[in-house]
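Derivation of every value follows stated rules applied to the coordinates shown; laboratory data play no part. All values reported here derive from a predicted model rather than from experimental measurement. Here the Cβ positions follow ideal geometry from the backbone for every residue, glycine too, while neighbour counts run over all protein chains shown.
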2 protein chains.
Amino acid sequence: MCELLGMSANVPTDICFSFKGLKERGGNTGPHKDGWGIAFYQGKGVTTFKDAQASHQSEVAKLVTDYPIKSNVVVGHVRQANRGRVALENTHPFTRELWGRYWTYAHNGQLKDYKSLPQGRFKAVGTTDSESAFCFILSELAARYPDKPPARKQLFRLIKKLSDRLKQQGVFNLLLSDGEYLFCYCSTKLHWITRRAPFGTAQLSDVDVDIDFSQETTPNDVVTIVATLPLTTNERWQAMAPGEACLFKAGEKVELL
Amino acid sequence: MCELLGMSANVPTDICFSFKGLKERGGNTGPHKDGWGIAFYQGKGVTTFKDAQASHQSEVAKLVTDYPIKSNVVVGHVRQANRGRVALENTHPFTRELWGRYWTYAHNGQLKDYKSLPQGRFKAVGTTDSESAFCFILSELAARYPDKPPARKQLFRLIKKLSDRLKQQGVFNLLLSDGEYLFCYCSTKLHWITRRAPFGTAQLSDVDVDIDFSQETTPNDVVTIVATLPLTTNERWQAMAPGEACLFKAGEKVELL
């Protein structure tokens, strides 16, 4: 199993605080020692830091913790390998271009019979169930809409339907983004929190660090964090229900159905 | 214009020394201040560090200089914007998946009429001539060979032919890799050097740093570096001729034609 971390914000925001908590689960407070990765969107562009090493020991993860990379959407992951050996090509998140946008994906869970998933335009480079499922989703989207995406509701309803199908093959907790929207699907566990004014102080669960967000933000900032398990001890996170999907844009939850 | 940096090696090798030279051209000894990026292959996997900031000031570039990331193939770039504004989505190198391999591309030069290049399966996310040319090349490859690549010679001859065509639209110096091969195309300037035993000492041109490779290597190591202009002062680099293509695998030049 693995841990997911996502962010959607209405202003470029760094994720140093949350990543500090997640990173510890990568081989220290958690067993997810088989690589980690994090993708930062800036507009339509994306840059991804990833490493097949445990995040709590990684020099690159140290940079991501210490150096505030400002971004509107983040998709992050620490890995405990089940399907697919420990290798860079098996490290999440995965990114592919479709319709002139970069789609970035991270998965927590395990899927049976993933080798029987139909392959289309997108092909897996590594050997994980996760990447096969990602290529399946994008290939289905591209097969139905080869040149441009449908309207937003139609698109994300279809992605939810494909996620429902994948959930039948095992555990499928998902983060998926095109840099504008952050789509989250809960198969077994996924939590989120939206922070907005008045901002308070938050205390990480995995390491003795707190932050006073009122010192770091402006009154108009809206920032949603999504994680497998709550990352802080003194805030109220929303638990998603199995089979539930959430869609965020600029920090706010938008209606999906 | 921009500067290119590529590496092909038969053992995982870091590029700290060469990148140290290139980085200075990103806003210090050179005018290429509009972003930089570098992709490292490990097997079929690739991780890319990129930043729309000048490399000589970037914290991420500092990490890439100081922290030896071992890799068999590297594709790097520092940018001086001409077509396309300074933004992450316009920062090289660009990566797309085709045939279950990640293809990574960096371009030096400027192309006229690039908006008229036929678009196919691959679409540009940003607004550069470079990314349009990359999508054109991959779309042509995918149109002719939708499911799997042809034999190596056939494939790279076709890529050379497409490069010849792009050269007619302006300046098109190119690095392209699938993680196994490094393809280099010279339109105006591109240089390479292969280092092998007996290794000596090299002195960077852009900053007062030298390295004794005999201390860093084993006698069987073969490492080729490709750059727009030679990066060292005391070694003999090969200048490529306009219209010439070179293909490297595991550090060695392989026959293309």
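The HN-Hα couplings worked out from phi for the stretch A:190-199 by the Karplus form 6.51 cos²θ - 1.76 cosθ + 1.60 (θ = phi - 60°) are 6, 10, 9, 8, 10, 9, 8, 5, x, 7 Hz, whole numbers, x standing for Gly and Pro. Build a GNM of chain A with springs between Cα atoms under 10 Å apart, and of A:T91, A:T233, A:T194 the one that fluctuates most is A:T233.
Shielding by partners for peptide B:87-96, expressed as the average number of C-beta atoms from other protein chains within 10 Å of each residue's C-beta, is 4.
The modelled label-to-label distance between A:L256 and A:V86, using points 7 Å beyond Cα along the C-beta direction, is 3.3 nm. With the simple model of a label 7 Å out from the Cα in the direction of the Cβ, B:A151 to A:K153 spans 5.6 nm.
Go ahead and collect, in residue order, the members of the stretch A:64-98 whose backbone nitrogen is under 17 Å from a label point 7 Å along the Cα-Cβ direction of A:C16. Within reach of a label on A:C16, which here means backbone N under 17 Å from a point 7 Å along Cα→Cβ, the stretch A:64-98 contributes A:64-72. Out of A:L247, A:L63, A:L111, any idea which swings most in a Gaussian network model of chain A, alpha carbons joined below 10 Å? The residue that fluctuates most here is A:L63. For peptide A:13-21, the mean count of partner chain Cβ atoms within 10 Å of a residue's Cβ comes to 0.
Would the stretch B:95-166 count as rounded, prolate or oblate if I go by the C-alpha gyration tensor, calling it rounded below 1.5 in a/c and otherwise prolate when a/b exceeds b/c, oblate otherwise? If you can, show how the numbers build up before the last one.
Numbers: a/c = 1.80, a/b = 1.46, b/c = 1.23.
Verdict is prolate for the stretch B:95-166.
Compute the Cα gyration tensor for the stretch A:1-140, then decide on rounded, prolate or oblate, letting a ≥ b ≥ c be the square roots of its eigenvalues: rounded whenever a/c is under 1.5, prolate when a/b is larger than b/c in the other cases, and oblate in all that remain. Oblate, because a/c is 1.5 or more while a/b does not exceed b/c. Evaluating 6.51 cos²θ - 1.76 cosθ + 1.60 at θ = phi - 60° for every residue in the stretch A:16-21, the Karplus couplings come out as 3, 4, 5, 5, 4, x Hz, glycine and proline recorded as x.
Report note on the peptides A:159-167, A:42-50, B:145-153: ranked by the mean count of other C-beta atoms within 10 Å, highest first, their order is A:42-50, A:159-167, B:145-153. 3J(HN,Hα) couplings calculated from phi for the stretch B:131-142 with the Karplus curve 6.51 cos²θ - 1.76 cosθ + 1.60 (θ = phi - 60°) are, in sequence order, 5, 4, 5, 4, 5, 4, 4, 5, 5, 5, 4, 5 Hz; Gly and Pro show x. Within the straight-line cut-off of under 17 Å between alpha carbons, the aspartates and glutamates reachable from B:K112 are B:D129, B:E131, B:D164, sequence neighbours fewer than 8 places apart in one chain being disregarded.
Amide H to amide H, with H built 1.01 Å from N, A:G43 comes under 5 Å of A:N72, counting only residues 5 or more places away or on other chains. Across peptide B:41-51, the mean count of Cβ atoms from other chains lying within 10 Å of each residue's own Cβ comes to 6. A Gaussian network model of chain A, with springs between Cα atoms under 10 Å, assigns the largest mean-square fluctuation among A:V64, A:V223, A:V125 to A:V125. The residue among B:Y105, B:I69, B:T194 whose Cα reaches farthest toward the positive pole of the charge dipole of the protein assembly as shown, with charges on the beta-carbon of Lys, Arg, Asp and Glu, is B:Y105.
Spin-label pair A:Q119-A:E216: with each label point 7 Å from Cα along the Cα-Cβ axis, the two points sit 4.2 nm from one another.
Would the protein assembly as shown count as rounded, prolate or oblate if I go by the C-alpha gyration tensor, calling it rounded below 1.5 in a/c and otherwise prolate when a/b exceeds b/c, oblate otherwise? Prolate, since a/c reaches 1.5 and a/b exceeds b/c.
Of interest is the spacing of the C-alpha centroids, which for the stretch B:202-236 and the stretch A:235-250 amounts to 52 Å.
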